[in-house]
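All remarks here apply to the structure that follows.
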């Protein structure tokens, strides 16, 4: 389908929003926001203000074959009554702060897990990350039928790029004095969250369990799914993408209610499982072990309580998957 939408100046963009029913109380301020943030980025926040159709049935396909039908609604271009440009800006500012709080926790989690993984594997061998027999066979020995290499080969390729690009003095020092490869307790310091979580995925199950147990999770495979989901969260935040009501495509597995009673709010709630609040809740579990005296839980609670008053648009913390009793989590 050919793209035929014309270029519009900032005044024209704002006029289009007004024509569709979005109230603009301060035109100069609204233009300033569009010029600095961009129409398209802000549109992710006023999207929830748009009127929607009634429920209709939609076919869900797998390949070319229809599997089932589901009820859904479709957005119109017009806005709900009482939708205001400032509402979108307030939601954008709330979301920006939410991403910053998430990144604060994710940084501490990433640093702590680097130590956990490098210490656990390093006890086996200083270069355990190179040795297939120190890793799970499906990761280190089974060839991908499409690529013809193992997941471990893929991981090593990405790891090598991080080492070669690094300008860190400790990397230069170790290369000059000892050469390559770097021992795992040095190499881990160049990992990003994705590199770290993929290696955890490839660890032996017994080693995964050892690390997961430090955080109150008995099953290391569940913990691996947490790290994959948190890596997805980190990428959303790092790219300044909309977070608060985003559908999280990398969803974590849940431990048993006996182990963590708080999961009861999510077990049968598919909406909550696909929203960011659950990942913040997981961050809270990890932060309590990593830094129990941190003010992070209090700051998150205060921020969630500052959610803009958008009840006239039927928007609230349910949109980000928070349960009714969410405040009890952050006591």
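When 51, 90 are screened for being surrounded by 15 or more Cβ atoms within 10 Å (Cβ to Cβ), outside any loop (DSSP other than H, G, I, E, B) and in contact with a strand residue (DSSP E or B) (Cβ under 7 Å, 6 or more places away or on another chain), only 51 passes.
Look at residue 144 and say whether it is modelled with pLDDT under 95, touching a helix residue (DSSP H, G or I) at 6+ places or on another chain (Cβ under 9 Å) and loosely packed, with under 14 Cβ neighbours inside 10 Å. Spelling it out, residue 144 is indeed modelled with pLDDT under 95, touching a helix residue (DSSP H, G or I) at 6+ places or on another chain (Cβ under 9 Å) and loosely packed, with under 14 Cβ neighbours inside 10 Å. The residues on offer are 72, 78, and the sole one that is surrounded by 12 or more Cβ atoms within 10 Å (Cβ to Cβ), modelled with pLDDT under 95 and either under 20 Å from the mean Cα position of the chain (by Cα) or farther than 30 Å from residue 197 by Cβ (or both) is 72. Residues of segment 13-24 include none that is within 26 Å of the chain's Cα centre (by Cα) and outside any helix (DSSP H, G or I). Among the residues in segment 26-47, are any within 11 Å of residue 88 (Cα to Cα), part of a helix (DSSP H, G or I) and touching a strand residue (DSSP E or B) at 6+ places or on another chain (Cβ under 8 Å)? Checking segment 26-47: at least one residue is within 11 Å of residue 88 (Cα to Cα), part of a helix (DSSP H, G or I) and touching a strand residue (DSSP E or B) at 6+ places or on another chain (Cβ under 8 Å). Count of segment 275-293 residues, restricted to those that are farther than 21 Å from residue 213 by Cα and either surrounded by fewer than 16 Cβ atoms within 10 Å (Cβ to Cβ) or touching a strand residue (DSSP E or B) at 6+ places or on another chain (Cβ under 6 Å) (or both), is 0. Among residues of segment 196-206 being surrounded by fewer than 21 Cβ atoms within 10 Å (Cβ to Cβ) and touching a helix residue (DSSP H, G or I) at 6+ places or on another chain (Cβ under 7 Å), the one that is nearest to residue 142 (Cα to Cα) is 201.
Per this entry, residue 69 is not counted among residues that are within 19 Å of residue 312 (Cα to Cα), touching a residue at least 12 places away in the same chain (Cβ under 8 Å) and outside any helix (DSSP H, G or I).
Look at residue 61 and say whether it is modelled with pLDDT under 95 and in contact with a strand residue (DSSP E or B) (Cβ under 9 Å, 6 or more places away or on another chain). When the stated conditions are applied, residue 61 passes them. Counted as qualifying within segment 172-289 are the helices (runs of 4 or more DSSP H) with 3 or more residues that are closer than 21 Å to residue 304 by Cα and at pLDDT 95 or above, namely 220-238, 270-273.
The values are calculated or read from the model by the stated rules, or taken from the named source; none is laboratory data. It should be emphasised that the depicted structure is a prediction, and the values quoted were computed from it without experimental measurement. Reconstructed Cβ throughout: ideal geometry from the backbone, glycine too, with neighbour counts over all protein chains shown.
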